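Some notes on the structure that comes next.
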Amino acid sequence: MQRIVVLAGGIGGARFLRGLKSAVPDAEITVIGNTGDDIHLFGLKVCPDLDTVMYTLGGGIHEEQGWGRSDESFAVKEELAAYGVGPEWFGLGDRDFATHIVRTQMIGAGYPLSAVTEALCDRWQPGVRLLPMTDDRVETHVLVDDADGGGRKAVHFQEYWVRLRASVPAHAIIPVGAEEAKPAPGVLEALAAADVVLFPPSNPVVSVGTILAVPGVREAVAASKAPVVGLSPIVGDAPVRGMADKVLAAVGVESTAAAVARHYGPDLIDGWLVDTVDAGAVPDVEAAGIRCRAVPLMMTDVDATARMAAEALALAEEVRA
Ligand code: FO1
């Protein structure tokens, strides 16, 4: 059975995984999920990217939004607001709250996040093995201008992304705690045993980049004997969704499919897929020592996404040969 390891962020990663499962239903898929987006609110631990993968693959996602639960209501949020308790800018729904309550309760009882995630997945049956990148606390912060002080301040990634809508310049992206974090149980083992490693069209800085920032993960991907293939989240010089261009600028990377491939670099990735509109970038990427193909990369539906996943696996076979 083919063992595939995917380093995934939230919406882009989750939708890609749905296509991958459809393309290779018999494969054993391990997902290493980003936890740098995690936030503690109202005394609860919220893991947006793990939950987005779990709900999307388990059939509980709000499809149009791409995050949060389907059939959601917001009574708890409204009641909290009536007490003047915020933040109001982060939309936690009633059904979603239950997930965070169970998670926080289990963590309080001494279970590591990896065990909690496994327990939550018992309900959702996502059809993949979902591992957090680490059981340790890592929180991505973004350095922005401080309108009041005239200097700069660090804000939580969710505040930058959701409240500020990435509308102010990001000067630096800091995965706080990453340096001291250890990969969660199973992460390095999965990478060592992988037949193929995939980087979905997730954010290269705050999703895949944060996973790679956990000591040992980048090294394990680079040392992997399995082909490592990525799919560009940038199509026609703009992010397919989200605001990846804003955080790419913070790390000095141009918002192009070729620049993201070079950012990962040939030590990490063996193959790279760009969209057909970026076919002109193929020679650039290949000149950097990365095998590159141009194929349609818009995840318009599960079938289109499955074709992307199949192309990524075909490129993996090509680099392996
Ligand atoms: N994204 C938003 O744009 N607004 C929200 O209010 C919001 C709430 C939210 C709650 C739970 C959850 O799992 C995700 C949520 N997201 C929300 C998505 C999230 O902020 C980001 O898209 C990811 O962290 C980036 O991968």
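General observations
- One residue stands out in the stretch 71-84 among those that are touching a residue at least 12 places away in the same chain (Cβ under 8 Å) and in a loop (DSSP other than H, G, I, E, B): the one that is surrounded by the fewest Cβ atoms within 10 Å (Cβ to Cβ), namely Asp71.
- Failed condition for Met298, given (1) of a type in the set (A, V, I, L, M); (2) under 18 Å from the mean Cα position of the chain (by Cα); (3) buried (at least 22 other Cβ atoms within 10 Å of the Cβ): (3)
- Check on Gly66, assigned to a loop (DSSP other than H, G, I, E, B), closer than 25 Å to Tyr160 by Cβ and within 13 Å of the ligand (Cβ to nearest atom): yes
- Listed by first and then second residue, the pairs with beta-carbon distance under 6 Å, at least 6 apart or on different chains, first residue in the stretch 148-159 and open to solvent by less than 70 Å² (accessible area, probe 1.4 Å), second among the hydroxyl-bearing types (Ser, Thr, Tyr) and not in a loop (DSSP other than H, G, I, E, B), are Phe157/Thr140.
- The stretch 137-166, residues that are within 10 Å of the ligand (Cβ to nearest atom), β-branched (Val, Ile, Thr) and either assigned to a loop (DSSP other than H, G, I, E, B) or within 14 Å of Ala244 (Cα to Cα) (or both): Val162
- Near pairs, Cβ below 6 angstrom, 6+ apart or cross-chain, from the stretch 35-48 (under 27 Å from Val217 (Cα atoms)) to any residue that is more than 9 Å from the ligand (Cβ to nearest atom) and of a type in the set (D, E, K, R): Lys45/Arg103
- Residue list for the stretch 263-293, filter: over 23 Å from Val221 (Cβ atoms) and either modelled with pLDDT under 95 or open to solvent by 40 Å² or more (accessible area, probe 1.4 Å) (or both): Thr276, Val277, Ala279, Gly280, Pro283
- Matching residues in the stretch 85-114 - criterion: being part of a helix (DSSP H, G or I), away from the ligand (no atom under 16 Å from the Cβ) and surrounded by fewer than 16 Cβ atoms within 10 Å (Cβ to Cβ): Gln105, Gly108
The values are calculated or read from the model by the stated rules, or taken from the named source; none is laboratory data. All figures in this text were calculated on a predicted structure; none of them were measured in a lab. Here the Cβ is made from the backbone with ideal geometry for all residues, glycine too, and neighbour counts use every protein chain on show. In case anyone asks, the SASA skips ligands and DNA or RNA and just uses the protein heavy atoms, side chains included. Shrake-Rupley method; radii C 1.70, N 1.55, O 1.52, S 1.80 Å.
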